[in-house]
Structure formats: C-alpha cells, structure tokens
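Colleague: Sharing a structure with you now.
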Amino acid sequence: MTADVVAPSHALDHSTDTSPAVAEQTAPTGPVFSDLGLPAPLERAVADLGFVTPSAIQAEAIPALLAGRDITGVAQTGTGKTAAFGLPLLAAIDPTLRRVQAVVLTPTRELAMQVADAVESFATHLPKVDVVAVYGGSPYQPQQRALAAGAQVVVGTPGRVIDHIERGTLVLDDVRFLVLDEADEMLRMGFAEDVDTIFSRAPRERQVALFSATMPAPIRRVANEHLTDPVEIAVARQSSTVTSVRQTYAVVPFRHKTGSLVRVLATSDAEAAIVFTRTRGAAEEVGSALVERGISAATISGDVAQKERERIVERLRSGALDVLVATDVAARGLDVDRIGLVVNFDLPGEPEAYVHRIGRTGRAGRTGEALSFVTPHERGRLRAIERTTRTPLQEIEIPSPADVSAHKVRALLGQVPARQEAGRLSMYADMVRTFLAEHDVDPVDLAAAMAALAVGDDGPRAREEQERFEAERAAAREQSKARRTERAGERPSRGDRASGRREGDGTRGIRRDAVGTRYRLSVGHKDGVMPGGIVGALTNEAGLAGSDVGKIDIFPSFSLVDITAPLDADTMDRISRARVAGKALRIRLDEGAPASRGPRAGHGPSGRRDERRDRFDRADDRGERKPRHRAAF
C-alpha cells in the first residue's frame with residue numbers, strides 16, 4: 001500500500017495486527033499519527049504506508065511509551081498493538097550502537113516473523129536499524145550472523161532467545177526496551193520460567209510493555225514484578241456473536257480429512273472458501289493436495305511475506321482464486337466478501353479462535369457456512385466451543401463420491417437453458433440423431449451416459465470409490481459406537497490404566513490403544529517440566545507437527561511420550577540435545593518396564609482421556625498443545 005492510496009472498506013483493515021490503523025476515507029475527527037509525537041523518520045514511514053488515524057490502543061500506548069512509561073495493554077488480536085509498541089520501540093533505538101537494544105517476546109514463531117516484518121516496515125527511514133527474528137525450528141547460523149552483524153531489535157520465541165543467550169550469541173547488557181506480546185498465550189504454553197529468565201538477564205533500568213488479551217491474576221503478578229508504575233490501557237473486547245453463519249460439524253477421522261475436504265468443496269455453492277489448519281506444515285500439505293486435485297487454491301502462513309500475502313488475497317478477492325488455506329495468525333485481518341464457506345480442517349484450541357475463524361464468512365450482509373472437522377476424540381473440544389458461543393452446531397454427513405457426481409450433474413443441467421438460448425446446436429443435434437439411429441439406445445440413457453462422462457464418472461472406478469467410502473463410513477460408525485459403549489461402563493480399572501494394561505492384555509508399557517512409539521525423556525516434574533515445554537521442544541527442534549505428539553506422562557525424574565512420526569538418528573540427536581527447563585531431553589526408546597512410582601497428579605494416565613486432552617487448551621500455528629496450568633511467570 002502506498003502513501004497516495006486509501007484502503008477501501010473491503011481491504012485488509014486495521015484488524016491486521018502488524019500494521020497501524022488504516023486511514024478512514026473521510027477526514028479524521030480524532031487524533032492522527034502526526035499528533036502522537038513520533039520522531040520524523042517514523043512519521044514518514046507511517047505516511048509511506050498510507051496510514052493517518054491510529055487505533056485506540058495506538059493512540060493511548062504510543063504517547064505513554066514515548067514518555068518513557070511502562071504500560072500494560074489489554075487488547076485483542078486485531079487492535080493494532082504491534083504498531084503501538086513497535087513505533088515507540090524504534091524511537092528508543094540508538095542507530096549508532098550496533099548492539100541489541102530491544103527484545104520482543106512472542107509465543108509463536110509465526111507471530112515472531114510477522115512482528116519482525118512489521119517493525120522492519122516501520123524502520124524504513126532508519127537505515128542503520130536492523131531487526132532479526134529468532135525462533136525454533138530454523139537454523140541457528142543465519143540468526144547468529146544477524147546478531148553478530150549488530151542487529152538492534154530481536155523478535156523471538158522465549159526458548160530460542162534463551163538458547164542464544166546461553167550460547168553467548170545474544171547479549172542483553174544494552175537492552176533498554178522489552179515487550180511481552182500475548183502474555184496470556186505465554187502462560188498457557190508453559191513459557192513462564194523462560195520469560196522470567198529473560199527478564200532477569202536484562203538490565204534493571206529498562207522500559208517494559210506488556211500486552212495480553214486478558215488480565216487474570218497470573219498476568220497481573222507479572223506486571224507487578226517486572227513493570228514499574230505502568231500505565232494501564234484497555235481496549236474494548238470484540239463481540240463474539242456470529243449470527244449470519246450456519247455452523248455445522250462432521251466427525252472425520254484424521255486420515256480421511258483431505259478427501260472429505262475435497263468432496264465438501266466440490267459440492268459447495270460458495271463463491272470462495274477459506275480452510276483453517278492448526279499448523280503451517282498442515283496448511284502447506286492441504287494446499288498442495290487441493291492443487292493436485294485441480295482446485296484453484298493457495299496457502300498463506302507466517303512464512304509468507306506480506307507482499308505475497310497481499311497478492312494472494314487480491315486474487316481471492318478478484319475471483320482468480322477460489323480456496324485459501326491458512327493458519328490463524330496468517331488470516332488475521334482477512335476481509336473478503338466472496339468467502340461463503342469456512343472449513344475448520346483442524347479444530348482450534350480456543351472458542352475465541354473459532355469465532356475469529358468463522359467471522360471470515362457471512363460478511364457484508366451475506367450469509368455464510370462454517371463446517372468443522374471433528375476427529376472422534378475431539379468431541380469435548382467441540383462441546384467447549386458450543387458452550388462459549390452458546391450456539392449448538394448441527395452434525396452433518398460428509399458428501400460421498402456419488403453426492404459429488406450428482407452435484408456436478410445438477411450444475412451441468414442448470415446450464416442447459418442458457419446454452420439452448422445461445423443456439424448453434426444443430427451440428428450436435430445431428431450427431432445425436434445419427435448415434436440414436438445406429439444404436440438401440442434410449443435417449444434418456446444416452447443423456448445420462450454423456451452426463452456421467454462430463455463429470456468424470458467412468459463407471460467401475462467410480463463405483464469402487466463409492467463402495468470404499470460406504471465401507472469406511474460404516475466402520476467409523478461402528479468405532480464410534482464402540483467408544484460410546486466403552487465410555488458407558490467398560491473402561492479398565494485405574495490400576496490397569498496406570499500400568500499401561502487393559503483387562504485380558506498381558507502387555508506392559510504400551511497401551512493397546514496407544515498411537516505411535518513410546519519414548520523416554522530424561523526430564524521429569526522435579527525439573528519443573530510441563531507438557532507444553534516438551535511439545536515445544538519436539539515441534540521446534542525436531543520439526544515435528546503437534547499432531548505427531550501423543551500422550552505425555554510426566555514422572556518425578558523422567559517422562560514418557562508417544563510419537564507417531566518416525567524418528568531417524570539425526571532427529572533423535574537433535575531432540576536429545578534440546579533443553580527443557582534447562583535440562584537436555586536425552587530421548588531414547590522406552591523399554592516398557594513398569595515405573596516404581598506413579599506420575600505426578602494431573603499429568604499421568606488417569607484413564608480420563610478427555611480431561612487429559614483438555615489440559616492442552618490451545619493449538620497455535622506451530623501445532624503445540626498448551627497446558628492449562630496456573631503457574632505465574
């Protein structure tokens with residue numbers, strides 16, 4: 001966006017959290033950026049981006065931070081808080097000092113990249129100011145080189161920031177500005193100790209900005225401990241009511257999700273659709289699968305540069321693209337009227353994230369539809385969404401291959417009147433008459449055969465696909481019935497569950513219903529480890545997806561984790577060297593010997609699988625599960 005372009009009402013609006021507020025099309029009646037006291041280079045950068053009017057959080061936070069005050073900002077994603085701290089942060093930088101002077105901590109690598117890109121865009125007229133993003137799951141060397149070259153601003157996830165501190169590649173001696181973004185997410189994800197460590201390594205004379213969607217007691221304790229006489233700023237909470245969207249769900253085993261999505265899209269009448277996944281890797285896989293099947297689709301995630309993101313969104317808006325596959329972070333601020341369908345390929349961990357997702361449809365007075373894929377084990381998460389939104393979701397069946405063919409034929413027949421009106425059919429009529437004269441075929445049968453050919457139904461293969469679909473659906477229903485029966489009273493005793501056995505099963509160490517391979521880690525609850533820390537290490541350092549990590553049992557001196565993905569020697573080595581709570585994981589295959597002591601209360605196999613899963617109440621773009629523990633930073 002350039003300085004002489006004012007964003008139209010349907011463009012990416014100021015809910016995109018990494019940019020200042022979009023200029024109004026009428027003359028501003030409130031404060032403008034030029035009233036906030038920003039240094040001239042930053043004012044020019046804001047003007048270059050075409051922005052005039054600050055959002056509420058920007059109008060209050062920027063002057064306070066420029067005055068040297070600490071702040072606590074209670075603001076939802078989409079209120080423009082990145083500019084609220086990013087512009088004052090740059091104003092505090094000494095460009096002549098080639099040392100780290102500001103650190104921004106974010107809960108996810110996608111958000112770290114997004115914030116770093118935004119801060120870089122604000123620093124356009126500060127040529128001697130460099131910004132580096134540091135996060136797990138990426139090589140150390142490029143990050144180390146950027147730090148060694150004298151980057152003054154570091155945006156990163158807590159774990160990787162601590163890794164650089166311990167390696168000596170990140171020195172905090174000259175830090176004068178600290179930002180904790182999405183503090184409540186940090187708490188849920190188990191980064192309490194890491195954040196506390198980073199703050200303790202920074203100079204006491206520093207300025208701190210803390211942003212959080214909510215301000216519960218643990219976050220309040222953080223502010224009391226690390227901030228000095230902060231200015232408290234709060235922005236009104238977004239409404240969570242979505243009244244123009246029909247909300248449905250379908251129970252879909254994980255292995256059938258992609259095929260189900262293809263059939264849903266093939267039978268939808270929506271102009272365009274957005275598909276939400278939990279992780280960047282899943283978004284890329286799903287997007288590629290759709291393109292391979294001839295669907296006009298594209299993918300955006302935290303790795304997509306802002307210019308490319310804008311190009312993809314413009315294609316979606318113009319009709320050149322029909323399906324967008326996205327992660328939650330990447331879809332922030334997305335406003336396209338054509339979107340008539342939202343598919344939650346992966347359920348979000350939090351009801352608020354669900355509301356944000358489905359709000360991408362039903363825009364501009366239109367109605368929309370939101371369909372959520374729910375695996376058999378996710379019904380508890382679905383019920384939590386229904387309780388929060390106070391809206392029951394209607395269960396539907398995924399379209400079958402026959403349904404897809406029928407939908408295509410109906411669409412084809414719907415075009416017949418217009419084609420007849422267009423004329424020039426005599427040649428085709430003559431060919432049909434000749435065929436009928438030469439073959440003993442009923443005209444209706446001929447039309448039916450031609451319709452089948454037109455929609456790709458070749459007969460035997462289509463019949464085989466339909467039969468396979470019906471068999472899989474019947475098997476899924478039987479499995480669901482078996483689970484309901486088990487929950488109703490055929491569950492194993494507590495003793496059998498704790499030892500990893502079921503009645504009539506002599507095996508130990510691996511439960512009959514376990515998924516993947518069980519590994520042993522050399523960290524336990526005496527080390528202060530939490531499940532979120534283990535998942536974070538596995539996803540960041542080993543490159544695993546959150547869906548690859550299964551049940552986690554934490555014992556006093558070690559932990560057991562189920563991993564579904566195969567681990568080669570190199571991956572095992574990276575995991576072994578990864579540190580959680582300051583201690584190396586040292587992963588190895590579990591030998592299956594029964595533990596002498598039970599797991600810590602709340603972390604072990606209590607037999608209440610849904611409760612254990614509910615301890616992980618959010619899965620962000622990295623696919624992490626986050627514990628709902630109440631520890632303070």
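The values are calculated or read from the model by the stated rules, or taken from the named source; none is laboratory data. Predicted, not measured: the structure shown is a model, and the values here were computed from it. In this analysis, Cβ positions are derived from the backbone assuming ideal geometry, glycine residues included, and neighbour counts consider all displayed protein chains. In case anyone asks, the SASA skips ligands and DNA or RNA and just uses the protein heavy atoms, side chains included. Shrake-Rupley method; radii C 1.70, N 1.55, O 1.52, S 1.80 Å.
Colleague: Students often check this: by mean Cβ neighbours within 10 Å, which of 131-143, 106-118 ranks highest, and how do the rest follow?
Modeller: 106-118, 131-143
Colleague: Extending each Cα 7 Å along its Cβ direction at Ala217 and Glu285, get the distance between those two points in nm, one decimal.
Modeller: According to this spin-label approximation, the distance is 4.1 nm.
Colleague: Moving on to the next point. Could you give the length gained by full extension between Ser244 and Ser400, i.e. 0.36 nm per residue of separation minus their alpha carbon distance, to one decimal place?
Modeller: 53.4 nm
Colleague: Next up: P(r) for the range 143-263, please, calculated from all Cα pair distances in 10 Å bins and given in %.
Modeller: Using 10 Å bins, I get a P(r) of 10, 32, 23, 17, 15, 3 for the range 143-263.
Colleague: Rank-order 411-421, 309-319 by packing density, defined as the average count of other C-beta atoms within 10 Å over each peptide's residues, highest first. Display every interim value, and only then the final one.
Modeller: Numbers: 411-421: 9.8, 309-319: 16.9.
Descending mean neighbour count gives 309-319, 411-421.
Colleague: Still on this model: Determine, for each peptide in 461-472, 80-91, the mean count of other beta carbons within 10 angstrom over its residues, then list the peptides with the highest first.
Modeller: On the way: 461-472: 13.7, 80-91: 27.9.
Going from most to least packed, we get 80-91, 461-472.
Colleague: Want the number for Glu470 to Leu425: 0.36 nm per residue separation, take away the alpha-carbon distance, what's left?
Modeller: 12.2 nm
Colleague: With all protein chains present and a 1.4 Å probe, how do Ser559, Ser426 order by accessible area, largest first?
Modeller: Ser426, Ser559
Colleague: For Ala272, what residues show an amide H to amide H distance below 5 Å, using hydrogens built from the backbone and excluding near sequence neighbours?
Modeller: Here Gly340, Leu341 satisfy the definition.
Colleague: Return a whole-number percent for the relative contact order of the range 171-292, with Cα pairs under 8 Å and 6 or more residues apart as the contact set.
Modeller: Worked out over the range 171-292, it gives 22 percent.
Colleague: Could I ask something else about it? What is the set of long-range amide H partners of Val104 at a cut-off below 5 Å, with H atoms built 1.01 Å from backbone N?
Modeller: Result for Val104 returns Val154, Val155, Gly156, Val179.
Colleague: Right, another one. When only C-alpha pairs under 8 Å and at least 6 residues apart count, what is the relative contact order of the range 239-399, in percent?
Modeller: 37
Colleague: Under 20 Å from a label point 7 Å along Cα→Cβ of Val432: give me every residue in the range 444-468 with its amide N that close.
Modeller: Only 444-457 pass the distance filter.
Colleague: Probe 1.4 Å, all protein chains in place: accessible area of His525 in Å², nearest 10?
Modeller: 50
Colleague: Continuing with this model, one more query. Residue by residue through the range 126-137, which ³J(HN,Hα) values in whole Hz follow from phi under the Karplus form 6.51 cos²θ - 1.76 cosθ + 1.60 (θ = phi - 60°), with glycine and proline marked x?
Modeller: Those phi angles translate into 10, x, 9, 9, 10, 10, 10, 9, 10, 7, x, x Hz.
Colleague: For the range 239-399, what Kirkwood radius comes out of the mean inverse Cα-Cα distance, in Å?
Modeller: Computed over Cα pairs of the range 239-399, the Kirkwood hydrodynamic radius comes out at 15.5 Å.
Colleague: Something else: Let me know the volume per residue of the alpha-carbon convex hull for the range 517-589, in Å³.
Modeller: Per residue, the Cα convex hull of the range 517-589 comes to 68 Å³.
Colleague: Can I ask one more? R0 = 35 Å: FRET efficiency of Leu412 with Glu292, Cβ-based, nearest 0.05?
Modeller: The computed FRET efficiency comes out at 0.90.
Colleague: Turning to a different aspect of this structure: Could you pull out the pairs from Lys307/Lys408; Lys81/Lys526; Lys408/Lys551; Lys81/Lys257; Lys257/Lys408 whose alpha carbons sit more than 32 Å apart here?
Modeller: Beyond 32 Å: Lys307/Lys408; Lys81/Lys526; Lys408/Lys551; Lys81/Lys257.
Colleague: Compute log10 of I(q)/I(0) for the range 48-201 with the Debye formula, placing one identical point scatterer on every Cα and leaving out solvent, at q = 0.20 Å⁻¹, to two decimals.
Modeller: -1.39
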